[in-house]
Amino acid sequence: MKKKFKFRFSRKALAYPYMLFLLLFVVVPLVIILINAFLGDDGGLTLANFAEFFSDAGGGLTVLGNSLIIGAVTTLICLVIGYPCAYLLAKYHASSKVFVLLFILPMWVNFLIRTLSTKAIFMAIGVKLGMGTVLFGMVYNYLPYMILPLHTTLVSIDHSYIEAAEDLGADKLTVLRKTIIPLSMPGIVSGITMTFIPAISTFAISEILSSSKIFLFGDAINMHFSKTTNSFGVGSVMSLVMLVLVIVANVITSLTSKDEEVSSVL
């Protein structure tokens, strides 16, 4: 006699839809990109796509270098602005929930709508579109990604460390420099990662706020996958380079978090 199959609902069953989604929309596209990176125009395996990207004639490294510089400047500006904001929000955490919500609210609006609105404001007041407007748009869009992890880390700092430093005679600047900032390093690294990676891969912000005058890494990937260019091989190579940068950033973030956990235990 055949046994009837009985489905038992468990916690593992809740993960099946997510695993299917992950397989169809993450793993499969990555495999397709990896295959396209090694395919030539004739359908055979080749390294020509990598050679074109890394050659001076292709200009891929130049675009990547420019994107890294602009991404670093954007991240630095966000850190300079975001850390004092996060510090004040954490200091008055009990009464700052409304202000935290005000920082989160722009993230609820599609970034394309925010960017188009920013361009409309610049055009209305007569500001010339260029590098300055692109940096403004990138800082405006990615600043919340710097503030939120910093705020979370600063709120979680044990206040007894600050009180101990003050009892030992340290002034406010010394407490900030030698106690608060070192303890908030996981939030700083996380904020830098969450800001830097999107900044170097963006294409809509640079295209809209410069009238296509500034060409970044995301713009290059978008161009290679467009119907007019139709060079999927080089675009796939650039996507793999972007993936490597994301993995490196996540590894650095993970290592920093582990170092901080070990330091706190010691």
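The values are calculated or read from the model by the stated rules, or taken from the named source; none is laboratory data. Owing to the predicted nature of the structure, the values given are computational and were not obtained by experimental measurement. Ideal geometry is used to build each Cβ from the backbone, glycine not excepted, and the neighbour counts take in all protein chains shown. We work out accessible area using only protein heavy atoms, side chains counted, and drop any ligands, DNA or RNA first. Shrake-Rupley method; radii C 1.70, N 1.55, O 1.52, S 1.80 Å.
Does S156 count as modelled with pLDDT of 85 or more, small (G, A, S) and open to solvent by 30 Å² or more (accessible area, probe 1.4 Å)? Taking the combined requirement at face value, the residue satisfies it.
A residue that is surrounded by 13 or more Cβ atoms within 10 Å (Cβ to Cβ) and under 30 Å from G187 (Cβ atoms) occurs somewhere in the stretch 47-65. When we screen G191, G187, G137 for residues that are outside any loop (DSSP other than H, G, I, E, B), under 22 Å from M223 (Cα atoms) and open to solvent by less than 40 Å² (accessible area, probe 1.4 Å), the only hit is G137. Taking the stretch 107-129 as the range and being surrounded by fewer than 17 Cβ atoms within 10 Å (Cβ to Cβ), over 16 Å from the mean Cα position of the chain (by Cα), under 21 Å from I81 (Cβ atoms) and of a type outside the set (F, W, Y) as the test, the residues that pass are V109, R114, S117, I121, V127. Of K128, K178, all but one fail to be out of contact with any strand residue (DSSP E or B) (no Cβ under 9 Å at 6 or more places or on another chain), in a loop (DSSP other than H, G, I, E, B) and free of Cβ contacts under 8 Å to residues at least 40 places away in the same chain; the exception is K128.
Output the number of residues of the stretch 78-113 satisfying the condition of being modelled with pLDDT under 90 and touching a Phe, Trp or Tyr at 6+ places or on another chain (Cβ under 7 Å). Residues flagged as modelled with pLDDT under 90 and touching a Phe, Trp or Tyr at 6+ places or on another chain (Cβ under 7 Å) within the stretch 78-113 amount to 1.
Within the stretch 66-82, the residues that satisfy the criterion of being open to solvent by 30 Å² or more (accessible area, probe 1.4 Å) and over 15 Å from M238 (Cβ atoms) are I69, A72, V73, L76, I77, L79, V80, I81.
Restricting attention to the stretch 171-213 and to residues that are of a type in the set (A, V, I, L, M) and under 9 Å from the mean Cα position of the chain (by Cα), the residue that is nearest to Y83 (Cα to Cα) turns out to be I192.
Let's see how each residue does on (1) surrounded by fewer than 18 Cβ atoms within 10 Å (Cβ to Cβ); (2) at pLDDT 70 or above; (3) touching a Cys at 6+ places or on another chain (Cβ under 9 Å); (4) under 21 Å from A72 (Cβ atoms):
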{"residue": "I221", "(1), (2), (3), (4)": "no, yes, no, yes"}
{"residue": "S226", "(1), (2), (3), (4)": "yes, yes, no, no"}
{"residue": "T229", "(1), (2), (3), (4)": "yes, no, no, no"}
{"residue": "V237", "(1), (2), (3), (4)": "no, yes, no, no"}
{"residue": "V246", "(1), (2), (3), (4)": "yes, yes, no, yes"}
{"residue": "I252", "(1), (2), (3), (4)": "yes, yes, no, yes"}
{"residue": "D259", "(1), (2), (3), (4)": "yes, no, no, no"}
{"residue": "V265", "(1), (2), (3), (4)": "yes, no, no, no"}
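If the condition is being assigned to a helix (DSSP H, G or I) and hydrophobic (A, V, I, L, M, F, W, C), then the stretch 194-207 contributes M194, F196, I197, A199, I200, A204, I205.
Just to be sure, is A51 in a helix (DSSP H, G or I), of a type outside the set (K, R) and either farther than 29 Å from L216 by Cβ or in contact with a Phe, Trp or Tyr (Cβ under 9 Å, 6 or more places away or on another chain) (or both)? Against the criterion (in a helix (DSSP H, G or I), of a type outside the set (K, R) and either farther than 29 Å from L216 by Cβ or in contact with a Phe, Trp or Tyr (Cβ under 9 Å, 6 or more places away or on another chain) (or both)), A51 does not qualify.
Look at (1) touching a helix residue (DSSP H, G or I) at 6+ places or on another chain (Cβ under 6 Å); (2) modelled with pLDDT under 90 and you find that F7 fails only one, number (1).
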